Structure formats: C-alpha cells, structure tokens
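The values are calculated or read from the model by the stated rules, or taken from the named source; none is laboratory data. Here the structure is a predicted model, which is why all the values come from computation and not from measurement. When we count neighbours, we look across all protein chains shown, and the Cβ atoms used for this are built from the backbone with ideal geometry, even at glycine.
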Amino acid sequence: MKRTLLLFLALSLLVASTALAGDEPAARTYVIKKGDTLWGISQRFLKDPYYWPNLWSNNPFIANPHLIYPGQKVRIYDGRIEIVPEVVEKEKPAEQPAVPEPAKKEPAPEPVEEVVIRTMDTAAGFITLDQIDSAGTIVDATDDRLMMATGDTVFCQMKNLDDVTVGNVFSLVEVGKEITHPVTGEPFGRMVNEVGTVEIVAVNEQVATGRILSASREIHRSHLMVPFMPPQTEISLKKSTRPASGVIVAAKQDKIGLGQNDIIYIDLGSNQGIEAGNMLYVTRERKPSKHALVKTELKLPDMLLGSILILETTPDTATALILKAVEPLLRGDRVVTIDE
C-alpha cells in the first residue's frame, strides 16, 4: 500500500542524533504491524514524525529503504529508534514422511509504505555551456511575423540533424544571464526561461520543420531548443549509492538568500551517481570566532544548514528543491550525500 506524503507538511532531515555518554539505556522492542509507517512509528514513540529519514538512512542493511514489513522489529531508545536486522536461523532437518507433501509457497509480505514526494513545477531554469553548445535554434517561420504562438510552423537549425527524428519534442528557452562557478570562477552555464515546446514534424536537408505545441509567451526566432524533460509530479525517495559532494551554483529565483521550497542547481549529476529522489545535506565551512583560543589554523566541523531533494539530473548538474533551511543558503554552500 503506497502512501503519498505531501512535501510541504512532512519532510525534514535536520533531526540531530543525541550522543549518549556512558552505558546504553534499556530499550523497548516493537514488532511492526500491518498499517505501520516510518512516519507513524517516529510520531508514536519519539513524538517526532520528522525522525523517519534518520530511521531510514541509518539502516543500510535494508535492501529497499522505502519499505518496511510486518514482523520486522525495532528497538526504541530514549531519543532514537533502530530497526533490528533479521537473523536467519538454520532449520533443523525434518523427518521425511512416507509421502512427501508439496511445499506451500508463502506469499511475499505486503509492503507497508513507499515514501513518495509530490513535487512542484520545475520548468527549466538553468542549462550548462555544453547544453547550449548542443542546442538547436529556431531560425525562421512560414511568414514575416516576428512572434509565433501555439500551432505555428517554424524552421529549426539543429547541431546534428542526423540525430533528429519526427516526433521529437524540445523545450523552447530564452537565454538569460551567465552563471560562473562559485568556487572556480569559471563560466558554468546560463539562466534560461522556458517559453514553450515544439514538436518536429519533418526533417529536411538543412533544417527541421517544427510545430509549436505550447507557448507561455510569444515565440521568437533565436529561441534555443533543448530536449524536453516531462515534469515529474511524484518522486520516490532513493538512498544515494555512493558518496558525492558539490556546491550550489545557482537558483531559479534571482535572490541572494535561499530558503525552504526554493529551486536550486548544483554541480553534481548522473556522472557522480546522483539520481532523482536522493536527499542531500547542505553545509558551510565554520570559521573560528575572533575569541578562539587557538591562534593557528583551526579546523572546525562544518555547519549543517539544511537538506535538499534532487528533482532532475543531467550528466554533471542537478535541479533540487530545498526541503529545510535553518538559515539562508548561499551560492557556494556545500551539498553532500547523506551517507558520506
């Protein structure tokens, strides 16, 4: 049974684990029943429904981190919960009956919950220099009009016409300001506004013919064409498969301080093992205060500022949603996978 959690009511990764000195306190054991959820267990025993991401991410032995099953056991401590690994006991050899009975195949346990996030509109807002270099361009229309709209026919110059086929759909974007990498200072990409979509209806000798499928504003010659990515309205959470770290390079909204529900762009993508559904922490280097006793170089632990959810990826970048921010996030803040 799949349960959809509303993003704006139910997500936070900033629940700090309590470090306990001395002996471990006594723990209760609870057996998961049908209908239980990670959310509900956290609320029931810790009075904190936002604890469930820690319950999930701190148990790597679970093959599928989205699922819990009836019969699994959890230990409840003061301030934290652990899922008890299943121990497979060897069965004693049974006496062979005169006529062996066919073994009954037990049905697989029904999953209790799959954690699914409902997303918002994530229309393209940033593209890399490589994407710009490979983009097509609207170069003309069927008449002398300066502006085109839905249903109009346009002619498209493509970087590699051999890779274009009838039925391909492209997003039409208007290029905005240049984005430099906050760490290296090198040009990294451009902000873009998505203005519509176009479908290829014919491939000719030098250009492709397209029909405008949608237009949120007027379409002009010189608008770029990038591969269309259907928006994902729901994303299943996925634990990161390998450690990775990068930085925030840009945000969809043109502002300095970023907060919850803002869309951002990071310099990690599928080449670095990042997938839609991954959750990452946002951190910032902590500088020694002016009253620090140590005058030499002092390395302090990074500040944990927030958490983000990956919505879309390209080979070397990703679009993400800020789930939580305890203070404004900035370009250049570090993003790290939660299992790093």
*Can you name the residue in region 275-310 that is loosely packed, with under 14 Cβ neighbours inside 10 Å and of a type in the set (Ser, Thr, Tyr) and is also farthest from residue 250 (Cα to Cα) among such residues?*
296
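Does region 286-297 contain any residue that is in a strand (DSSP E or B), of a type in the set (S, T, N, Q) and assigned by TED's automatic domain parsing to the domain that holds residue 258? It would help to see each step written out before you state the result.
Looking only at region 286-297, we keep the residues that are in a strand (DSSP E or B), and these are none.
Scanning region 286-297 turns up no residue that is in a strand (DSSP E or B), of a type in the set (S, T, N, Q) and assigned by TED's automatic domain parsing to the domain that holds residue 258.
At least 3 residues that are without any contact (Cβ under 8 Å) to a residue 24 or more places away in the chain and outside the structural domain of residue 268 (by TED's automatic domain parsing) in each: list the strands (runs of 3 or more DSSP E) lying fully within region 133-227 that qualify. Write out each step before concluding.
Numbers: elements: 136-141, 153-157, 169-180, 187-203, 208-215, 224-227.
Of the strands (runs of 3 or more DSSP E) lying wholly inside region 133-227, those with at least 3 residues that are without any contact (Cβ under 8 Å) to a residue 24 or more places away in the chain and outside the structural domain of residue 268 (by TED's automatic domain parsing) span 169-180.
Could you say which residue among 288, 243, 230 is without any contact (Cβ under 8 Å) to a residue 24 or more places away in the chain and under 16 Å from the mean Cα position of the chain (by Cα)? If you could, list the steps in order and put the result at the bottom.
Details: 288 fails: under 16 Å from the mean Cα position of the chain (by Cα); 243 fails: without any contact (Cβ under 8 Å) to a residue 24 or more places away in the chain.
Only one candidate passes the filter, namely 230.
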_Being closer than 20 Å to residue 182 by Cβ and surrounded by fewer than 18 Cβ atoms within 10 Å (Cβ to Cβ) is the filter here; which residues of region 317-331 pass it?_
327, 328, 330
